[in-house]
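To keep things clear, I will list the structure first and then write my remarks on it.
The values are calculated or read from the model by the stated rules, or taken from the named source; none is laboratory data. A quick note: this is a predicted structure, and the numbers were derived from the prediction, not measured. Note that each Cβ is placed from the backbone with ideal geometry, even for glycine, and that neighbours are counted across all protein chains shown. In case anyone asks, the SASA skips ligands and DNA or RNA and just uses the protein heavy atoms, side chains included. Shrake-Rupley method; radii C 1.70, N 1.55, O 1.52, S 1.80 Å.
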Amino acid sequence: MMGETVGVGIPDGVDESGMERFSKLIYLFPITDDEWGICAPGLLVETHYSRRYNLEMACEVARKFLTCEFLPLDPKSVLVHCMRGPEGDSQVAEHVPTGTRMWLMPVGGRLFKSAEAMDEMVYRLALGECADDDGRAG
């Protein structure tokens, strides 16, 4: 049914019917013969088909998603606030424990939807790209 798709997760016990539960579950799926994508329900809002990896790198990204202590994101750990500056106002989402920032409305830059910004923050947290000095995604 799932073809070449691979599911990996962290076991979290067994339910009443005997089915194994997972606290985090990641799917690696083929995009082309040598490119793989990642679907991470509960961690990412959307599946990003533009993020493509060879199988080895997809496995490494999935491992980092599964082992990142800050995932899934706790909504209470992210503050969204307005930053005022000489060039104008902007909104920033900040992951308080790490200081990782995602600018939602950067001055003179690209406007991010909040779900898109949160997904980018998940990637940054998982891949160890925290507390970006500039804080602006591109």
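Any residue in the stretch 44-54 that is more than 20 Å from Ser23 (Cβ to Cβ) and in contact with a Leu (Cβ under 9 Å, 6 or more places away or on another chain)? There is at least one residue in the stretch 44-54 that is more than 20 Å from Ser23 (Cβ to Cβ) and in contact with a Leu (Cβ under 9 Å, 6 or more places away or on another chain). Scan the stretch 125-138 for residues that are buried (at least 19 other Cβ atoms within 10 Å of the Cβ) and modelled with pLDDT of 90 or more and the total you get is 2. Return yes or no: is Ser17 open to solvent by 60 Å² or more (accessible area, probe 1.4 Å), modelled with pLDDT of 90 or more and either among the polar types (S, T, N, Q) or in a loop (DSSP other than H, G, I, E, B) (or both)? So Ser17 fits the description; yes. Reported count of residues in the stretch 81-124, each being more than 19 Å from Ser50 (Cα to Cα), among the hydrophobic types (A, V, I, L, M, F, W, C) and either modelled with pLDDT of 90 or more or open to solvent by less than 80 Å² (accessible area, probe 1.4 Å) (or both), is 9. The lone criterion from (1) open to solvent by 50 Å² or more (accessible area, probe 1.4 Å); (2) more than 13 Å from Ala126 (Cβ to Cβ); (3) β-branched (Val, Ile, Thr) left unmet by Thr47 is number (1).
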